[in-house]
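The values are calculated or read from the model by the stated rules, or taken from the named source; none is laboratory data. Not measured: the values here are computed from a predicted model. Here the Cβ positions follow ideal geometry from the backbone for every residue, glycine too, while neighbour counts run over all protein chains shown. All accessible areas refer to the heavy atoms of the entire protein, side chains included, with ligands and DNA or RNA removed. Shrake-Rupley method; radii C 1.70, N 1.55, O 1.52, S 1.80 Å.
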Amino acid sequence: MLGLVVPAVLSGLTTGAIYALVALGLTLIYGVLHIINFAHGSLLMAALYTALFMNLRLGLDPYVALPVVVAIFFCAGYLLQRYVIDTFSHGRDANILLATLALSIIIDNGALYLFTSNTRTIDVPYAFEMVEIGPAFIPLPKLVAFLAALVFAALLWLLMRHTRLGAAIRAVAIEKRGAELMGIDVKHTYAMCFGIGTACVAAAACLLLPTFYVTPQVGYAFVLVAFTTVVLGGMGSLGGALVAGLFLGVVEALCGLFLGETLGQIGIFAAFILTLLFRPAGLFAPRVA
Amino acid sequence: MKTKTAQGRFPTLTTTGEWQMAEDKSGFETIAGTARSRRELLKAGGSTLALAAVGTVAAPAVLRAQAPTVKIGGIGPLTGALAYNGNQAKAAMQFAIDDANAAGGIKSMGGAKLELLFGDAESRPDVGAAQVDKLAEAGVCCLVGAQSSAISLATTQAAARFNLPQVVDVGTADQIVQRGLPNVFRFSPGTARSVAEGIANLNTLNEQAGKPVKTVAIVHEDGPFGSSMARLLQEKLPSIGMNVVETISHPTPQRDFTNIVLRLKNARPDLVMPSHYINEFILFARTIRQQRFAPKAIYSIFGGGASNIKFVRENQDAAQFVIDTNHWYDPRKPASQALARKVADAKLDLTYDIMVAYGATQVVIDAIEKAGSADRAKLIETLSTQTFADTVMPYGPIKFVGGDNTGSHLVNLQVRGDKIEVIFPKEYATIDPVFPFPDRS
Amino acid sequence: MRRLGPGEGVVGILLALAAISPFVLPSQAWIGFAVNAVLISVLSIAWNVTGGFCGQMSFGHAALYGTGAYAAAMLQLRLGLNPYLAGIVGIAAGAAMGGFIGALAFRYGLRGSYFALVTLAFAEVLRILASSFEITGAGSGLTLPFRPGLANLQFPDRYAAYVFVLILCILALAVSAAVKGSRLGSNMVAVRENEEAAGAIGIDAFRVKVVAMIISGAIAGAAGVAYLQIQLFIDAPIAYGSLISVEALLGPIIGGAGTLLGPVVGTVVLHIVGEVVKTGVGGAPGLNLVFYGIVLLLILRFLPNGLMGLAGNLRWPARTASAARSAEAR
């Protein structure tokens, strides 16, 4: 069993990278808009289908399709926040929650209606390419996802730190009224933020597709873990989300190894509850970027 | 004026509510009306048929002109987690009913046409039970469904209140037929018998090959289906000289199988027996290839993988030679081949859901034919006393004893190239088995 | 407490009419639907005590509901306890779970979305535990033996089941009304509106919130027990799944959180909407739920205060139109 620890940890890191990427989007939306986005998993599913059809119909490799899918979902996220979530919820917490819930019902079942509930997969030539790292075999697509997650986190950090948009987002996150008085268009900033969060999910989808499957319910497999990642990392903290995602991947792998996969899931939620109880601000500095 | 609008708006809403109730009421009355007239018609039909048997020939012509429609209720999950199975089964039920109608309807009822009413259980037992009420209300004479043990448990119980027979297509939990409900007829085998058959077939395969398999690892999902399967396997495998060296349960959905495969590599079993749903099997089979784990064979009972043609086509490399024990039709029967063509024309996957639901609906239609009536009590009596034959399934004479079909069997399937072939039992086999697997490394 | 407006009166009468409709309309389909709607209403009333009165929005009411159901099932199956006794213990178990989660979460000052997420996590942990151990039936769930008859708290027909959930719902409403009208209720509202201010006037916010969770847990546990006794089967996803947590909060928010009748109105209306779109859209799987989601959005858009907000706009005829206008403008 002990000989398995290193391969399990490495494999956990690659799974964790996907958690981190999904959580980056969620934490950005949470940190700035202070809403829990229930539609996040549904958007992941929609992005997976988009990448899938680009592969099946246009023959685009998911990695090649990534910029296109990211752009589409950035726009979709922007429009959803600005013209659906905000308009329909009148900016009230309970109503925003329900608005994202309603959106997820619409997206999930729209996918069920349009694409049926068949499980879809794609076949890429590198699906079974393995990279040997010490005692472990890591599938090439998982290694790519891991490195890409690091790159995305870095890009996002640069965006938040060194652009006007980033400054505006941070300002709105800290003090909405004040930012508004300073001439920042809050609605636009919120929508940009939601768009960027959605774009992160789209990137995660493209990186996930070569090793995963797509069904209309696939989002649920990731959304709960993403919530955990956000809390653990400190809501709104990008670096925190990255580290927490990787950490949870490893926790899951080790708990699965020693407790069995069924009971092992508890590792993630135990980490979640303990964090919420003892360090509700998260393990890492809780501020935007 | 504002007050007016506010007041005006509210009653509209209540009218909607009232309207909903009113509609239900009127719906009931018409349905009750047809039910009553149909019953009278049936009575008339019965007596005229008796007369016809004696020698009168004019009466059936009159009957055919007024042949009533017989409603069959389908039930299953069209939305939610189990949507795939429910939609497949629904399509199959419709095929069976279309075929029966095309062949002249129910002959013993003057060529009465059949109609399918389907209730969506939304992958929830409570919703399934409420749908049964609705279908019973709409005047169905029999139910077919509900593709899942949890939903079938709830729907059969709800149907019992209406004395409404339900032919369960797939519902492996053995409690379904152990509650003493007189209206329950399970068409396909339950867990206990499936495991017994799966193990017997495995033993035969193993002995034919000179007993290469001595150790087994079980990988199963932690729901009702996977866990009861695993428990029985652990109990029974030692009796055929196989030692269970590892049992791993995992949730559905499971996002990553690397750990599980690592543990398997560590335990070095000769044989891997997975019991989980198709999504997990896809990830599992791929990870086995990725991690270069090469057991002597992969043999599952209701594994889902080797019985899903789409998976086989999309993952030929990972799926090759996998053996599954599952519900399957008898591919040599003309009716089966016709069904396969229909399924292909409708651009559906040919899965066991379709085959079993089609077969179960055939039994219902046959029962109505034999009873010569759409009366629920008569159908229950017919289903529990008569023997049925010739569905698409490779079943012996179908007889329901204590609600369980004693003629039902599973077959062994193996992925060969881009096809799913039947390898066992011999009389249905389309190809010889490859066991153990050829060395692929 | 302010006098009941005509809106509440109208809603109350309509609900009473809806409640007796299954007896007047001789339709089994309607009653099956009504059983589910009323059962979920009980759960909504439970959610409303914490989420509505006290302002602590939970995403994990399945933790309370499922605990009630599991406790009642295990006591009957493992210890052979009488179903009535097991049911009462189930309710107590729901209350205890509510108190436990509340005490932990509020002890550490969790509020708002933190509280929401921790309740969600507790429900998930319980789901995993329930599907991992033999005593809870692990993956196979628990099936009660089918023994219809009131002695076993099992219902020979749907009407009996309906009467049972209806009584439960009325009891839950009575508890909820008693809480709302009591000093505890006003303290809850004070905590909801401004916890610091509530503390300043001597309200023990922690205690108030925990008590709210205990009451809510008892009612939710009762709903779980009712589900068990009607369906005779539970497993981990049914009892502790997030679907139940979502069902618990949909009704109150749509109906009007914090109002007495809002949870019931919201749940009943949403169930009717669900049925109507199902009938209207027909066979296409998923499409009906797309419309359901759209209706949900539209209700949010045009009735931000929930359906009871709409009812609250109704005034006694004696009041002038201008008063109503100011109420509308608010």
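Any residue at all in the stretch B:270-281 that's in a loop (DSSP other than H, G, I, E, B), within 14 Å of chain A (Cβ to nearest Cβ) and at pLDDT below 90? Within the stretch B:270-281, one or more residues are in a loop (DSSP other than H, G, I, E, B), within 14 Å of chain A (Cβ to nearest Cβ) and at pLDDT below 90.
Restricting the stretch A:202-259 to residues that are away from chain B (no Cβ under 13 Å) and assigned to a loop (DSSP other than H, G, I, E, B) leaves a set whose member that is farthest from residue A:49 (Cα to Cα) is A:234. Residues considered: A:247, A:212. Of these, the only one that is among the hydrophobic types (A, V, I, L, M, F, W, C), modelled with pLDDT of 90 or more, farther than 20 Å from residue C:112 by Cβ and open to solvent by 10 Å² or more (accessible area, probe 1.4 Å) is A:247.
Check C:227, C:292 and return the single one that is more than 8 Å from chain A (Cβ to nearest Cβ), hydroxyl-bearing (Ser, Thr, Tyr) and either assigned to a helix (DSSP H, G or I) or surrounded by 20 or more Cβ atoms within 10 Å (Cβ to Cβ) (or both). Of C:227, C:292, the one residue that is more than 8 Å from chain A (Cβ to nearest Cβ), hydroxyl-bearing (Ser, Thr, Tyr) and either assigned to a helix (DSSP H, G or I) or surrounded by 20 or more Cβ atoms within 10 Å (Cβ to Cβ) (or both) is C:227.
Scanning the stretch B:149-191 for residues that are among the hydroxyl-bearing types (Ser, Thr, Tyr) and open to solvent by less than 20 Å² (accessible area, probe 1.4 Å) turns up B:152, B:155, B:156, B:172, B:188, B:191. Would you check which residues across the stretch B:286-304 are within 13 Å of chain A (Cβ to nearest Cβ) and without any contact (Cβ under 8 Å) to a residue 60 or more places away in the chain and list them? Correct list: B:286, B:287, B:288, B:289, B:290, B:291, B:293, B:304.
Annotation: residue C:59 fulfils all but one of (1) under 14 Å from the mean Cα position of the chain (by Cα); (2) assigned to a helix (DSSP H, G or I); the unmet one is (2).
Evaluation of residue A:288 against the conditions (1) more than 30 Å from residue A:170 (Cβ to Cβ); (2) modelled with pLDDT under 85 shows that the sole unmet condition is (1). Listed here are the helices (runs of 4 or more DSSP H) enclosed by the stretch B:305-403 that have at least 1 residues being of a type outside the set (Ser, Thr, Tyr) and within 28 Å of residue B:417 (Cα to Cα): B:309-314, B:316-319, B:334-345, B:352-371. Residues considered: A:61, A:86. Of these, the only one that is modelled with pLDDT of 90 or more and more than 19 Å from the chain's Cα centre (by Cα) is A:61. Look at (1) open to solvent by less than 40 Å² (accessible area, probe 1.4 Å); (2) over 30 Å from residue A:210 (Cα atoms) and you find that residue B:397 fails only one, number (1). Among the residues of the stretch C:107-132, those identified as within 11 Å of chain B (Cβ to nearest Cβ) and either over 15 Å from residue A:273 (Cβ atoms) or out of contact with any Leu (no Cβ under 8 Å at 6 or more places or on another chain) (or both) are C:127, C:130, C:131, C:132.
Pairing each residue of the stretch A:97-124 that is in contact (Cβ under 8 Å) with a residue 60 or more places away in the chain and open to solvent by less than 30 Å² (accessible area, probe 1.4 Å) with any residue that is outside any loop (DSSP other than H, G, I, E, B) and charged (D, E, K, R), provided the two are 6+ apart or on different chains, yields C-beta distances under 6 Å for A:121/B:314. Looking at this structure, is residue B:115 more than 18 Å from the chain's Cα centre (by Cα) and away from chain C (no Cβ under 11 Å)? So residue B:115 passes the test. Considering only residues in the stretch B:257-269 that are farther than 19 Å from residue B:315 by Cα and more than 8 Å from chain A (Cβ to nearest Cβ), the one that is most open to solvent (accessible area, probe 1.4 Å) turns out to be B:268. Restricting to the stretch B:80-98, and then to whatever is modelled with pLDDT of 95 or more and more than 13 Å from the chain's Cα centre (by Cα), can you tell me which residue is nearest to the other protein chains (Cβ to nearest Cβ)? Filtering first and then ranking leaves B:94.
In the set (1) more than 14 Å from chain B (Cβ to nearest Cβ); (2) surrounded by fewer than 23 Cβ atoms within 10 Å (Cβ to Cβ); (3) aliphatic (A, V, I, L, M), residue C:101 fails one condition alone, (2). The condition of being touching a Phe, Trp or Tyr at 6+ places or on another chain (Cβ under 7 Å), open to solvent by less than 20 Å² (accessible area, probe 1.4 Å), of a type in the set (D, E, K, R) and more than 10 Å from chain A (Cβ to nearest Cβ) holds for only one of B:330, B:324, that being B:330. I'd like to check something: does the stretch C:259-280 contain any residue that is open to solvent by less than 40 Å² (accessible area, probe 1.4 Å), assigned to a loop (DSSP other than H, G, I, E, B) and either in contact with a His (Cβ under 9 Å, 6 or more places away or on another chain) or within 11 Å of chain A (Cβ to nearest Cβ) (or both)? So far as the stretch C:259-280 goes, no, none of its residues is open to solvent by less than 40 Å² (accessible area, probe 1.4 Å), assigned to a loop (DSSP other than H, G, I, E, B) and either in contact with a His (Cβ under 9 Å, 6 or more places away or on another chain) or within 11 Å of chain A (Cβ to nearest Cβ) (or both). Filtering C:81, C:64, C:39 for residues that are modelled with pLDDT of 85 or more and open to solvent by 20 Å² or more (accessible area, probe 1.4 Å) leaves a single hit, C:81. Of C:178, C:190, all but one fail to be surrounded by fewer than 21 Cβ atoms within 10 Å (Cβ to Cβ) and touching a residue at least 12 places away in the same chain (Cβ under 8 Å); the exception is C:190.
The stretch C:147-210 holds helices (runs of 4 or more DSSP H) entirely within its bounds, and those carrying 3 or more residues that are within 29 Å of residue C:227 (Cβ to Cβ) map to C:158-181, C:183-193. Within the stretch B:413-441, the residues that satisfy the criterion of being in a loop (DSSP other than H, G, I, E, B) and closer than 15 Å to residue B:202 by Cβ are B:425, B:433, B:434, B:435, B:436, B:437. Failed condition for residue B:107, given (1) closer than 23 Å to residue C:33 by Cα; (2) open to solvent by 10 Å² or more (accessible area, probe 1.4 Å), with all others met? Condition (1) is where residue B:107 drops out. Is there a residue being assigned to a loop (DSSP other than H, G, I, E, B) and either open to solvent by 40 Å² or more (accessible area, probe 1.4 Å) or within 19 Å of residue A:40 (Cβ to Cβ) (or both) anywhere in the stretch A:70-83? No, the stretch A:70-83 contains no residue that is assigned to a loop (DSSP other than H, G, I, E, B) and either open to solvent by 40 Å² or more (accessible area, probe 1.4 Å) or within 19 Å of residue A:40 (Cβ to Cβ) (or both).
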